[in-house]
Amino acid sequence: MRVKYLAVAGILVLGLVPSAAASQVQGPATSGWVGTWAAAPAAGVAGTDNGYPNFSIRNIVHTSVGGHEVRVRLSNAFGRTPVLFGRVTVAVAAGPDTPQAVPGTMRTLTFGGDREVTVPPGADILSDGAALTVPRDGDLLVTTYTPTPSGPVTFHPLATQNSYFTRNGDKAADESAAAFPEKTAVWHYVSGVDVRGAGLRGSVVAIGDSITDGANSTWGANLRWPDQLADRISARTGVLNAGISGNRLLLDGGNYGVNALARLDRDVLNQSGVRTAIVFEGINDIQQTPHQADPNKIISALKQIATRAHDRGLRVLGATITPWKGWGSYTPQLEETRQAVNRFIRTSRLFDGYIDFDAVIRDPADPQRMKPEYDSGDHLHPGDKGFTAMANAVPLPGLRQE
């Protein structure tokens with residue numbers, strides 16, 4: 001069955017519509033591992049052709065589900081040389097926005113039983129599992145020590161979260177915050193955290209752009225719409241954020257990441273325990289130069305994503321593109337492109353359902369604009385209240401959580 005969602009006067013109405021795609025969705029096999037956090041690798045850090053030799057970087061990441069065992073995913077996706085990780089650790093953070101670890105929670109991770117691991121250019125790697133009580137809706141510290149030159153350093157540019165680092169050698173196993181005197185506003189190397197635990201059912205992955213990435217949300221508060229969805233969802237289902245600010249369906253864009261079709265396998269289909277994909281892309285194809293004014297090209301990319309995800313046994317929900325009147329590149333002609341794409345998302349039988357973010361966010365008095373109370377101020381990106389409305393617009397029955 002295809003789940004259909006309509007927003008009427010702010011109230012969500014749930015109905016079921018038959019879908020040929022739904023009958024093909026059998027559900028992916030799982031290994032017991034479920035993603036609890038993710039950040040899509042976007043590019044290599046400019047000026048890091050030599051990497052970060054002798055750096056220890058303590059990434060702060062926020063979990064969606066908890067468990068009793070943990071592993072991490074590291075990425076050298078945009079490196080041109082191998083990167084040696086001399087030590088990688090994970091610990092529970094002692095509080096918000098601190099590199100201090102809870103005493104006794106520090107774990108040194110292994111890779112095939114070895115503490116050190118070399119990751120080839122373009123590759124990702126998973127650690128072995130380590131026993132650790134991972135909290136739901138809490139912070140973990142994932143620390144990497146890179147003793148030798150490599151590069152460029154793979155990173156995610158918009159963390160909306162402080163992380164910490166030192167240039168003074170292997171501090172990865174230090175519990176103290178004092179070992180990490182410098183701040184960074186991005187995530188380096190780490191691209192995912194998985195957990196295992198009793199009753200975990202799988203994960204939901206949201207692929208998107210800056211609106212999914214949390215641009216203009218309150219710093220360090222974890223108020224992106226996928227974070228707020230995680231607050232609503234079953235404690236047994238992870239929510240993973242595969243948003244990259246500036247990302248497009250059809251074109252690559254420097255720090256905006258490779259196009260969504262090119263990154264779909266790594267950032268969505270290969271995530272641990274994934275059962276449902278939410279696809280919320282397209283505004284950057286329309287509003288960025290060169291503008292994509294042909295809705296059929298955007299629709300073709302959405303069809304490819306849905307087909308490839310269905311082939312992996314996933315449920316796929318499309319999300320309508322939100323209003324943008326008032327943004328600098330807005331024109332009535334490009335607005336027609338957005339409307340045409342949204343009509344496809346609402347009426348296509350290719351998706352198992354859709355989430356009408358447009359209907360939830362738009363101003364009834366001027367439907368091409370966001371409601372003022374939801375607008376962060378730039379007329380493209382919602383603020384915290386807008387992200388709350390979006391998270392609340394995702395009907396939980398539409399997400400496979402069995």
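The values are calculated or read from the model by the stated rules, or taken from the named source; none is laboratory data. Note that the structure is a prediction, hence the values are computed from the model and not measured. Positions of Cβ are backbone-derived with ideal geometry, glycine not excepted, and every protein chain shown enters the neighbour counts. The area values use the complete protein model at the heavy-atom level, side chains included, leaving out ligands, DNA and RNA. Shrake-Rupley method; radii C 1.70, N 1.55, O 1.52, S 1.80 Å.
Packing-based ranking of 238-245, 205-212, 301-308 yields 238-245, 205-212, 301-308, ordered from highest to lowest mean Cβ neighbour count within 10 Å. Using a probe of 1.4 angstrom and keeping all protein chains present, the accessible surface of the range 77-142 works out to 42 square angstrom per residue. For the peptides 324-330, 82-88, the ranking by packing is 82-88, 324-330, with the highest mean count of neighbouring Cβ atoms within 10 Å listed first. Once the Cα atoms are used to define both axes, helix 332-347 deviates from the longest principal axis of the chain by about 90 degrees.
With a 1.4 Å probe and every protein chain kept in, tell me what percent of the accessible surface of the chain is carbon plus sulfur. Each step should come with its number before you reach the end.
On the way: 7440 of 14390 Å².
C and S atoms contribute 52 percent here.
Whole number in Å², please: accessible area per residue of the range 238-288, 1.4 Å probe, ligands, DNA and RNA not counted. The partial results should precede the final answer.
Values: 1180 Å² over 51 residues.
Roughly 23 Å² per residue, with all protein chains present.
The lysine pair tally for the chain, using Cα distances under 18 Å and a gap of 8 or more places or different chains, is 4. In plain terms, the chain from SER329 to ALA185 could stretch by 49.1 nm, reckoned as 0.36 nm per residue minus the Cα-Cα distance. Specify the angular offset, from 0 to 90 degrees and rounded to the nearest 10, of the alpha carbon long axis of helix 295-311 from the longest principal axis of the alpha carbons in the chain. It works out to around 60 degrees. Across the range 258-297, the residues whose backbone nitrogen lies under 12 Å from the label position 7 Å along the beta-carbon direction of LEU126 are 270-274.
For the range 182-223, the pair-distance distribution built from all alpha carbon pairs, in bins 10 Å wide starting at 0, is 17, 42, 33, 8 percent. Amide H contacts for ARG312 (H built 1.01 Å from N in the peptide plane; partners 5 or more residues away or on another chain; cut-off under 5 Å): none found.
How high is the relative contact order of the range 349-393, in percent, with contacts defined as C-alpha pairs under 8 Å that are six or more residues apart?
Details: 42 pairs, mean separation 14.4, N = 45.
Across the range 349-393, relative contact order equals 32 percent.
Among the listed options [x] 56, 44, 35; [y] 83, 52, 42; [z] 79, 61, 58, the one matching Cα extents along the principal axes in Å as calculated from these coordinates is [x]. For GLY197, the residues whose amide H sits under 5 Å from its own are HIS68, ignoring neighbours fewer than 5 places away on the same chain, with H placed 1.01 Å from N.
At an R0 of 30 angstrom, the distance between the Cβ atoms of ASP366 and ASN162 translates into a FRET efficiency of 0.20.
Couplings 3J(HN,Hα) for the range 140-157, derived from phi with the Karplus relation 6.51 cos²θ - 1.76 cosθ + 1.60 (θ = phi - 60°), are 10, 10, 10, 10, 10, 10, 10, x, 10, x, 6, x, x, 7, 5, 8, 10, x Hz, where x marks Gly and Pro.
Equivalent-ellipsoid semi-axes for the range 89-187 (Cα gyration tensor, √(5λ), whole Å, largest first): 21, 18, 14.
So between ALA340 and THR118, what do we pick up on full extension, going 0.36 nm a residue minus the alpha carbon distance? Don't skip to the answer; put the middle values down first.
Working: separation 222, 0.36 × 222 = 79.92 nm, distance 4.71 nm.
So the extension gain works out to 75.2 nm.
Model label points for THR388 and ASP137, set 7 angstrom from Cα along the Cα-to-Cβ axis, are 1.4 nm apart. Dividing the summed helix terms, -39500 (n - 2.57) for each DSSP H run of n ≥ 4, by the number of residues in the chain produces a 222 nm estimate of -5000 deg cm²/dmol to the nearest 500. Taking SER191, SER300, SER64 in turn, the Gaussian network model of the chain (Cα-Cα springs below 10 Å) assigns the largest fluctuation to SER300.
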